[in-house]
Amino acid sequence: MSDAKKDRFKRIDRAIDKVREEIDEAADESKELGGKATKEVREAIDELEAKVNNLRKKDE
């Protein structure tokens, strides 16, 4: 895999991590964001991360 592609996946990984952090902070700070909604968002992020990992493997 070329360096440009590796860099692209690193940026995607950092973005996913940032989204996770923001969701966790929002859940901690907001009582309006229900537990079920938070769980659904985290599951969606996990699914996105799995799809990115699949793309990474196909690209190697």
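The values are calculated or read from the model by the stated rules, or taken from the named source; none is laboratory data. The structure presented is a predicted model; accordingly, all values stated were derived computationally and were not measured. Note: ideal-geometry Cβ built from the backbone for every residue, glycine included; neighbour counts use all protein chains shown. We work out accessible area using only protein heavy atoms, side chains counted, and drop any ligands, DNA or RNA first. Shrake-Rupley method; radii C 1.70, N 1.55, O 1.52, S 1.80 Å.
A dipole drawn for the chain from +1 and -1 charges on Cβ atoms has a positive end, and of ALA44, LEU55, SER30 the residue lying farthest that way is LEU55. In the chain, the longest principal axis of the Cα atoms and the axis of helix 3-29 are about 10 degrees apart. Shown here for the chain: trypsin sites (Lys or Arg not before Pro) in loop regions (DSSP other than H, G, I, E, B) with at most 16 other Cβ atoms within 10 Å, namely LYS31.
At 0.36 nm per residue, minus the direct Cα-Cα distance, what do GLU25 and LYS6 gain on full extension? Give it in nm, one decimal, please.
Working: separation 19, 0.36 × 19 = 6.84 nm, distance 2.87 nm.
Gain on stretching GLU25 to LYS6: 4.0 nm.
Each Lys and Arg adds +1 at its Cβ and each Asp and Glu adds -1 at its Cβ; summed about the Cα centre, the chain shows a dipole of about 420 debye.
Other residues lying with their Cβ under 11 Å from the Cβ of ASP7 contribute a combined charge of +4, Lys and Arg counting +1, Asp and Glu -1. Neighbours of GLU21 by Cβ distance under 11 Å: Lys/Arg scored +1, Asp/Glu scored -1, total -2. Only one of the values (1) 45, 16, 8; (2) 46, 23, 17; (3) 46, 37, 12 was calculated from this structure for Cα extents along the principal axes in Å; name its label. Computed from these coordinates, Cα extents along the principal axes in Å corresponds to label (1). Over the chain, dividing the summed -39,500 (n - 2.57) contributions of all DSSP H runs of at least 4 residues by the number of residues returns a 222 nm mean residue ellipticity of -31000 deg cm²/dmol.
Within the set of other residues whose C-beta is less than 12 Å from the C-beta of ALA44, count the net charge using Lys and Arg as +1 and Asp and Glu as -1.
Working: positive: ARG20, LYS39, ARG42, LYS51; negative: GLU40, GLU43, ASP46, GLU47, GLU49.
It works out to a net charge of -1.
When the accessible area of segment 3-60 is split by element with a 1.4 Å probe, what percent falls to carbon and sulfur? It is 50 percent, rounded to a whole number. Ranking ASP3, ASP59, ASP28 by solvent-accessible area of protein heavy atoms (1.4 Å probe, all protein chains present), from largest to smallest, gives ASP28, ASP3, ASP59.
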